[in-house]
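What follows is one structure encoded as structure tokens, with my remarks underneath.
The values are calculated or read from the model by the stated rules, or taken from the named source; none is laboratory data. Predicted model only: the values in this text are computed from it and were never measured. Because the Cβ atoms are built from the backbone with ideal geometry, glycine has one as well, and the counts that use them run over all protein chains shown. Side chains are part of the model used for accessible areas, which takes the heavy atoms of the whole protein and leaves out ligands, DNA and RNA. Shrake-Rupley method; radii C 1.70, N 1.55, O 1.52, S 1.80 Å.
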Amino acid sequence: MEQSARNTLIGEALAHALHDTWYGVAPILLASVSGQLGLANADIGLMLLVYQAVSSVTQPSFGRLSERYGGRTFAVGAIIWTALMFTGALFAQSKLLLTLLIGLAGLGSGAFHPQGTANSTLAGGARLGATATSLFFFGGTLGTALLGSAVGGLLIAQWGRQSLILIAVLNITLALVFVRRLVPEHLPVQARARANDPRPKTIALNGVWFVLAMLLGAIALRAFGQQAVVTYVPKLQADLGVSPAVYGLVMSLFLAAVAVGGVVGAYLADKVGTRLILVLTLLLTAGSLWLFTVTLGVASYVALLATGFFIGPSHTLLLVSGQRRFPERMAMVSGIFLGFSFVSGAVLTWLFGLLADARGLQGTLVWLPAVVLVNALLALIATAPSGDARPSARTAGAAVER
């Protein structure tokens, strides 16, 4: 990997960590104020749904804009915008205002992710596309886990939710000092690949709608599986009387396991094939998640960490499979798939919260392993050999060269 590509990947991974800090903070914050503001499980799920919905519907447009005007503006601007909106949420005293501010923060997510995903995939080139993309998501997950869930939980437990303004100041400062320097001003696209290699166009034109539907279904269920754990395990722990510092640490370790598993799985996928690693890790996810639901204490936490490790690769591998079908509009397509992932997962998570309010949260969580098994089946169909094809060296090289 050339130095310029390496700098791009480092900048995007750092930016992702800073931006997605608030994704880790949000469930901890909402769980901690649920008693004060009277938030039910469905209220928490609905607020995160609003955030994800705004992010989702705007990502394709922001992806197209980043292809046209460059990624740096959207990377830095998104971090600042999201930090400011969540800073306002720290002082909200009503459900309506809290929902409004979290929803507006979704614009930052919509602006950030398409350019970041496209930049990272192209930085990896033909041989390491999935690995580079996984490192981008690794940065986001570490930010969510460490600065978001762990540090955020500790700050709330010690000094209250307003103390999270320290995270906002840190994020904005690092974005202006480092991200602005590392993320390239212009986003590389694969226009040359289309001119020099007709194969990507053939793959896109010959894509089967049924397989695409299977891919979208797999993306939705995978997003739901992780979002349900991230959203409702903190609420379950709060219901059991556990301190925010404790369940913040638990979720931090879970998300760190997601990050590590994502990189390991993507590297193996680049070596032995996307389909095998994707389906195998989803099957292992179902098994470890089942163990989490039927055990208590330390054993349940160990099973939760294993769940995080095994579910980590599937997000990157499903996204890269989608990108490889439509390589000419990498940022816009990334926005479409990421947007669909966010909103579909959020809708299903909200519906899951409604079911949990009616039947009990702990009893409802036991159905998640079955959902992951269906996810594995859809992934098996969606990543049939035609969808698993890697771009040629000439294709990727043209993209990175530009």
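At a glance:
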| item | result |
| --- | --- |
| Which listed residue is over 19 Å from the mean Cα position of the chain (by Cα) and of a type outside the set (A, V, I, L, M), from F91, F136 | F91 |
| Pick from the range 136-147, criterion among the hydrophobic types (A, V, I, L, M, F, W, C) and in contact with a Ser or Thr (Cβ under 7 Å, 6 or more places away or on another chain), ranking: modelled with the lowest pLDDT | A145 |
| Considering residues of the range 278-321 that are polar (S, T, N, Q) and free of Cβ contacts under 8 Å to residues at least 40 places away in the same chain only, the residue nearest to R127 (Cα to Cα) | T281 |
| Selection count, the range 183-221, where residues are at pLDDT 50 or above and either surrounded by fewer than 19 Cβ atoms within 10 Å (Cβ to Cβ) or closer than 20 Å to N375 by Cβ (or both) | 16 |
| Flag if G273 is on the phi > 0 side of the Ramachandran plot and not basic (K, R) | yes |
| Subset of the range 220-245 (residues that are free of Cβ contacts under 8 Å to residues at least 40 places away in the same chain and either β-branched (V, I, T) or in contact with a Leu (Cβ under 9 Å, 6 or more places away or on another chain) (or both)) | V242 |
| Evaluation of F86 against (1) modelled with pLDDT under 90; (2) assigned to a helix (DSSP H, G or I) (one fails), failing number | (1) |
| Elements of type helices (runs of 4 or more DSSP H) contained in the range 1-46, each with 2 or more residues being open to solvent by less than 10 Å² (accessible area, probe 1.4 Å) and modelled with pLDDT under 90 | 21-32 |
| Filter result (open to solvent by 30 Å² or more (accessible area, probe 1.4 Å) and polar (S, T, N, Q)) within the range 333-358 | none |
| Pick from the range 47-62, criterion among the hydroxyl-bearing types (S, T, Y) and open to solvent by less than 40 Å² (accessible area, probe 1.4 Å), ranking: farthest from the chain's Cα centre (by Cα) | T58 |
| Filter result for the condition that a residue is of a type outside the set (F, W, Y), in contact (Cβ under 8 Å) with a residue 24 or more places away in the chain and not in a helix (DSSP H, G or I), over R325, R275 | R325 |
